[in-house]
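For reference, the structure is listed below as structure tokens.
The values are calculated or read from the model by the stated rules, or taken from the named source; none is laboratory data. Here the structure is a predicted model, which is why all the values come from computation and not from measurement. For neighbour counting, all protein chains shown are included, and Cβ atoms are generated from backbone atoms with ideal geometry for every residue, glycine included.
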Amino acid sequence: MSLLLKLLAQRIALGLLLLFLVSILIFSGTIILPGDVAQQILGQSATPEALANMRRDLGLNDPPIQRYFNWLGGVLQGDLGTSLTSGKDIAESIGKRLGNTLFLAFWAAIISVPLAILLGLIAVRYRERWPDKLISAVTLASISVPEFLIAYVAIFFVSVRLRWAPSVTTINDSMSLGEKLHTISIPIAVLTLVVLAHMMRMTRAAILNVMQSAYIETAELKGLRMFTIIWKHAFPNSIAPVVNVVMLNLAYLVVGVVVIEVVFTYPGMGQFLVDHVSKRDIPVVQACGLIFAAVYIGLNMFADIVSIVANPRLRHPK
Amino acid sequence: MSDKLLKVQNLKIGATVYPPGEKPHDIEIVHGVSFEVEKGKVLGLIGESGAGKSTIGLASMAYGRGGVKITGGEVWVNGRDILKTTNADVRALRGGEVTYVSQSAAASFNPAKKIMDQVTEAAILQGKFSKKEAERRAVELFRKLGLPDPENIGNRYPHQVSGGQLQRCMTALALCPEPDLVVFDEPTTALDVTTQIDVLMAIKEAIRDTGVAALYITHDLAVVAQVSDDILVLKMGDMVEYGSVDQIINNPQEEYTKALVSVRSIEHAEKTPTPEPVLKVKNITARYKGTNFDVLKNINVELHPGQTLAVVGESGSGKSTLARVITGLLPQSNGSVHFAGRDLSKDLGGRSKEDLRELQMIYQMADVAMNPRQTVGTIIGRPLEFYFGLRGAEKRKRIVELLDEIEMGAGFIDRYPAELSGGQKQRVCIARALAAKPKMIICDEVTSALDPLVADGILKLLLDLQKIEDVAYLFITHDLATVKAIADSIAVMYQGEVVRYGGKTDVLSPPFDDYTDLLLSSVPEMKLGWLEEVIANRKMESAGN
């Protein structure tokens, strides 16, 4: 057991270190961005004195290292600062947006992950035959088309022609869960198509790799059905690579959905980030970057932990 | 049909081959084989690799491995031709009526599932027993097969038990659904001799107690003689001889069978030690990095010029580690290696080109020790260039000489390793080692992966070359028959220590220490009833104690 705990502790420590390094990267990255926040807030006609006062009030004249640690100290206490443009507390305004993004990502994942794994299993069962080829062709085609194009095509047919679901997907607290899901059904479908291929292909490849093992032959010689063999004997031994690619795609569903959010005017994190980049609202951009990084690192860390725990040699030492 | 459990008639099996540079095409690998097995009887299928014995064994379960297809003939099990029945019936046959024990239990158990679940799976799935009954039966089998803690061993995962134990678990897996026939495919080949004898006895008793019939596949005639009623000798997919075990062992009719029975024909008289050994290993102690356990403990051995020191022991005894220390791959923590009148540096980086040249190595797996994209000429020519700077015609002349010495000839110079047989590959590796004109060659299990007749040829070649080149061999092996054939002196290793060391005659003559006695008495002998004799002797001894 001790080896397992040691590996897990190592992995978690590594994740935290990575997050710390990323915070430095985000901070220095936003500093070297062109543009001046004070100028942005006060407009072109501001007097030099007003600009100087503004900069002093915002702390823009302090040395970068000091600003970094002030910021980091705040973040560690849950204080992401105040927005330069709106003057509101960032944590509060992001909270709602993040909730929306996670809501969309959650439902897209609930549908796409089991579907991808099921399709992967079917592809293995009928490998090199028409179901396998059909699944590969469809999923590869859907990943090859840019997602905004799929989105607009889906809007045209599902929303404009058939009028099944809205194309503008603004949701709010007064809606019931059913209404919310109906509202976001097209973005969920488009996101599913986008992430399906990667997970399906990886499931297929990982299981096919295991299917070469001698213990699969043992299972065949026990007279088991092919699907039982794939599900009960092959799949448990290919969890590690599958979980890794699933987590990469989940991370994408959270941090990479900017395009979809913009197309469907969905009030999520991506759109929030894009808005504030154009306004040079540095504290908001930093906060968004840090949250995205945390999600990404956290999910990948989780994948690694699952891979470590899935290894029976580590879970049950001699 | 009659009361024959298994009746195979004119079985033909084909496979698709993908030779380099040619179009894939179908070939026949089993050319019309017929045999039968009665209830409760054991038929031994024997032959060298490529004889088609595993393929035939699997055909009795209507199974073809990889691209193997059954192309003709009939396989009758319990009165029906299983090659013409439905898929559902084939599934009921596999794991129900006929079960399988593979060579490598370690690879054949699913690493992610508990042993008990895998042992009982087929019996439950085929509806033969309820989960509870199957588990009770499994525990009973574990006990019968002599596994430790039979009540709980099923709760372990495959990696938590030893190789010999896992092989017995595999036998339990095969016997659990109360099959009519078990196919044993080299079930003891991967085990140490001392483990093999226990597993062999367990299998034999299990067969006797359950009244199950069996196909016993092996390349080792001495092993099959202990468990079979009848023997079928196969060669390149053809039947050579088919008869009772007594007739095959004591009165073989065919030349090929005679060769198999009389293999190990080499006689090699022990040479007397010279005053100055070429290799002197003094007080070597070594451990692997990051561990706190000595894998070698105070080893002292000597090897004389032009002679052979056999280092013998089971897996994990430290014999290959000793080779790693001598070659500098694993620096020792204590002691010294004295070679050709000088002390060798602990690690590889500190050794001169001359040190490297004079100490060559040959490995067990000839095909992974050669670059598959280089021709035989390039492989043998490389040390000639590197150590002697030979080029062009001069180099070619020397390569041809070496190819003649290994009895292959200049015709092989442009061939690739993939175009050679296992024995030929090992010969090329020998030529490559000789090309450096070494004083000593370390041979690490060089014949273990080869068929007995081929291995015999390699050993003869090594002895002949020793006479011509006056080279010394440090011969690492687990096979005592090989040791008897070629050694001048022997070091028996056990758990990192040399437990017995001296001239061949002394080491192999009584009185023995306990371990050497166990090792020597475990080597299967080609006579009927040997297994029972050994087991009876051991029981008497332990009762006497």
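Some observations on this one:
- Summed over the stretch A:273-318, the residues that are without any contact (Cβ under 8 Å) to a residue 24 or more places away in the chain, part of a helix (DSSP H, G or I) and among the charged types (D, E, K, R) give a count of 2.
- Only one of the listed residues (B:V483, B:V499) is within 20 Å of B:D192 (Cβ to Cβ) and free of Cβ contacts under 8 Å to residues at least 24 places away in the same chain. That residue is B:V499.
- The criterion of being more than 20 Å from the chain's Cα centre (by Cα) and outside the structural domain of B:K319 (by TED's automatic domain parsing) holds for B:S542.
- Residue tally, condition among the hydroxyl-bearing types (S, T, Y) and at the interface with chain A (Cβ under 8 Å from one of its Cβ atoms), over the stretch B:85-101: 2
- Within the stretch B:325-344, the presence of a residue that is closer than 18 Å to B:A435 by Cα, more than 33 Å from the chain's Cα centre (by Cα) and not aliphatic (A, V, I, L, M) is excluded.
- Selected residue [over 21 Å from A:E217 (Cβ atoms), assigned by TED's automatic domain parsing to the domain that holds B:E241 and of a type in the set (A, V, I, L, M, F, W, C)] from B:I27, B:I46: B:I46
- Within the stretch B:260-273, considering residues that are touching a Leu at 6+ places or on another chain (Cβ under 8 Å) and under 26 Å from B:K467 (Cα atoms), the one surrounded by the fewest Cβ atoms within 10 Å (Cβ to Cβ): B:I266
- Breaking point among (1) under 22 Å from B:Y515 (Cα atoms); (2) of a type in the set (D, E); (3) not in a loop (DSSP other than H, G, I, E, B), for B:E314: (3)
- Checking each residue in the stretch B:480-510 for being touching a Phe, Trp or Tyr at 6+ places or on another chain (Cβ under 8 Å) and not aliphatic (A, V, I, L, M) picks out B:T482, B:S489, B:Y494, B:R500.
- Counting the residues of the stretch A:87-109 that are touching a residue at least 12 places away in the same chain (Cβ under 8 Å) and more than 30 Å from A:A189 (Cβ to Cβ) gives 2.
- Between A:D304, A:D281, the distinction of being within 18 Å of A:T203 (Cα to Cα), acidic (D, E) and more than 14 Å from chain B (Cβ to nearest Cβ) belongs to A:D304 only.
- Listed by position, the helices (runs of 4 or more DSSP H) enclosed by the stretch A:142-222 that each have at least 2 residues that are in contact with a helix residue (DSSP H, G or I) (Cβ under 7 Å, 6 or more places away or on another chain) and away from every other protein chain (no Cβ under 14 Å) are A:147-154, A:185-211.
- Subset of the stretch B:76-106 [outside any loop (DSSP other than H, G, I, E, B) and crowded, with 21+ Cβ neighbours inside 10 Å]: B:V77, B:L93, B:R94, B:V98, B:T99, B:Y100, B:V101, B:A105
- Residues that are closer than 29 Å to B:P452 by Cβ and loosely packed, with under 12 Cβ neighbours inside 10 Å do not occur anywhere in the stretch B:274-281.
- Only helices (runs of 4 or more DSSP H) whose full extent lies in the stretch B:363-444 are considered here, and the ones with at least 3 residues that are over 29 Å from the mean Cα position of the chain (by Cα) are B:376-388, B:392-405.
- Only one entry of B:V499, B:V454 meets the criterion of being part of a helix (DSSP H, G or I) and not basic (K, R), and that entry is B:V454.
- There is no residue in the stretch B:113-120 that is at the interface with chain A (Cβ under 10 Å from one of its Cβ atoms), surrounded by 20 or more Cβ atoms within 10 Å (Cβ to Cβ) and not in a helix (DSSP H, G or I).
- Note on the stretch B:335-356: residues that are in contact with a strand residue (DSSP E or B) (Cβ under 7 Å, 6 or more places away or on another chain) and surrounded by fewer than 15 Cβ atoms within 10 Å (Cβ to Cβ) total 2.
- From the list B:L330, B:L309, the one residue that fits, being closer than 14 Å to B:G496 by Cβ and of a type in the set (A, V, I, L, M), is B:L330.
- All conditions in (1) part of a helix (DSSP H, G or I); (2) surrounded by 18 or more Cβ atoms within 10 Å (Cβ to Cβ); (3) within 14 Å of another protein chain (Cβ to nearest Cβ) hold for A:I122, with the sole exception of (3).
- Inside the stretch A:69-89, residues that are surrounded by fewer than 13 Cβ atoms within 10 Å (Cβ to Cβ) and either of a type in the set (A, V, I, L, M, F, W, C) or on the phi < 0 side of the Ramachandran plot (or both) make up a count of 5.
- Hits in the stretch A:159-215 (condition: hydrophobic (A, V, I, L, M, F, W, C), under 21 Å from the mean Cα position of the chain (by Cα) and within 30 Å of B:F109 (Cβ to Cβ)): A:M199, A:M200, A:M202
- Filtered by the rule that a residue be out of contact with any strand residue (DSSP E or B) (no Cβ under 8 Å at 6 or more places or on another chain), in a helix (DSSP H, G or I) and closer than 17 Å to A:M269 by Cα, the stretch A:70-97 gives A:A91, A:E92, A:S93, A:I94, A:G95, A:K96, A:R97.
- Close pairs from the stretch B:409-429: first without any contact (Cβ under 8 Å) to a residue 12 or more places away in the chain, partner surrounded by 15 or more Cβ atoms within 10 Å (Cβ to Cβ) and part of a helix (DSSP H, G or I), Cβ under 6 Å, at least 6 apart: B:G409/B:L403; B:A410/B:V400; B:A410/B:L403
- Evaluating B:N110 against the criteria (1) part of a helix (DSSP H, G or I); (2) farther than 21 Å from B:V8 by Cβ leaves one unmet condition, (1).
- Yes/no for A:S112 being of a type in the set (S, T, N, Q) and either at pLDDT below 85 or not in a helix (DSSP H, G or I) (or both): no
- Annotation: B:G66 fulfils all but one of (1) surrounded by fewer than 16 Cβ atoms within 10 Å (Cβ to Cβ); (2) outside any loop (DSSP other than H, G, I, E, B); (3) within 10 Å of chain A (Cβ to nearest Cβ); the unmet one is (2).
- Residue match in the stretch B:183-205 (condition: more than 30 Å from B:L480 (Cβ to Cβ) and surrounded by fewer than 17 Cβ atoms within 10 Å (Cβ to Cβ)): no
- Residue match in the stretch B:42-56 (condition: in a helix (DSSP H, G or I), within 12 Å of chain A (Cβ to nearest Cβ) and farther than 27 Å from B:D209 by Cβ): no
- Test: residue in the stretch A:231-243 that is among the aliphatic types (A, V, I, L, M), buried (at least 19 other Cβ atoms within 10 Å of the Cβ), within 30 Å of B:E97 (Cα to Cα) and within 14 Å of chain B (Cβ to nearest Cβ): yes
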